[in-house]
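The values are calculated or read from the model by the stated rules, or taken from the named source; none is laboratory data. Computed from a predicted model, the values in this text were never measured in an experiment. With ideal geometry, Cβ positions are generated from the backbone for all residues, glycine too; neighbour counts draw on all protein chains shown.
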Amino acid sequence: MRSAPVRSILPAVGFLVFVSIIAGGSGCSKEPAAPQQVVKKQAPKPEAKPPATPAAETQAKKPEPVSLYDPRGRRDPFVSFVRVEERKRASAEAVLLPPLQRYELGELKFVGVLWTKKGVLGLVEDAQGKGYSVREGMRIGRSGGIVSRITEKEIVVREQFVGNRGEKIVRETGIQLTTAGGK
């Protein structure tokens, strides 16, 4: 004997099968639908227009305003204003650079000045405490700065950049002398 839930479902499944067979068999008919009758009406005759006068034609044809764009002195709107420059590959090129050009100017400390017969020397230290001597005209920093002046209180480095619009920007940065107290 079958369980109670199966016994209650069997009549419902049988009823659904019976309804689907009836609906499937009666849904298809062999007779095509009757065609609709076509009613013929005459189209209205177009009205005759009087010939246009030359004055009416000139008023109807007004010249369209012409807009001119002058791009001089303006930025090209289709060019990105952010310039993407390729970064130098640190592995190959950093090894070839002198030690002073591997550091940013903020990473170097100016610790002393030497006056010699050949000129003034500035003593610079990196973050690890390694010391270097610099003269006027030497390259220093990652941006390709050149030491322009050495005084008893600072080293002045001159750097050249290319701005957003392509103009050259010259910036002078000073590295202040670090005393025994830290500044």
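Filter region 130-159 down to the residues that are loosely packed, with under 14 Cβ neighbours inside 10 Å and at pLDDT below 90 and list them by number.
Scanning region 130-159 gives a single hit, Gly144.
Considering region 96-122 alone, what residues qualify as being among the β-branched types (Val, Ile, Thr) and touching a helix residue (DSSP H, G or I) at 6+ places or on another chain (Cβ under 8 Å)?
none
Look through region 119-150, keep the residues that are assigned to a loop (DSSP other than H, G, I, E, B) and touching a strand residue (DSSP E or B) at 6+ places or on another chain (Cβ under 8 Å), and return whichever of them is nearest to Tyr103 (Cα to Cα).
In this case the residue turns out to be Gly141.
Any residue that is surrounded by 10 or more Cβ atoms within 10 Å (Cβ to Cβ), of a type outside the set (A, V, I, L, M) and at pLDDT 75 or above - is there at least one of those in region 16-31?
The answer is yes, given that some residue of region 16-31 is surrounded by 10 or more Cβ atoms within 10 Å (Cβ to Cβ), of a type outside the set (A, V, I, L, M) and at pLDDT 75 or above.
Taking Val170 as meeting all but one of (1) loosely packed, with under 11 Cβ neighbours inside 10 Å; (2) in a loop (DSSP other than H, G, I, E, B); (3) in contact (Cβ under 8 Å) with a residue 12 or more places away in the chain, write down the number of the exception.
Against the list (1) loosely packed, with under 11 Cβ neighbours inside 10 Å; (2) in a loop (DSSP other than H, G, I, E, B); (3) in contact (Cβ under 8 Å) with a residue 12 or more places away in the chain, Val170 comes up short only on (2).
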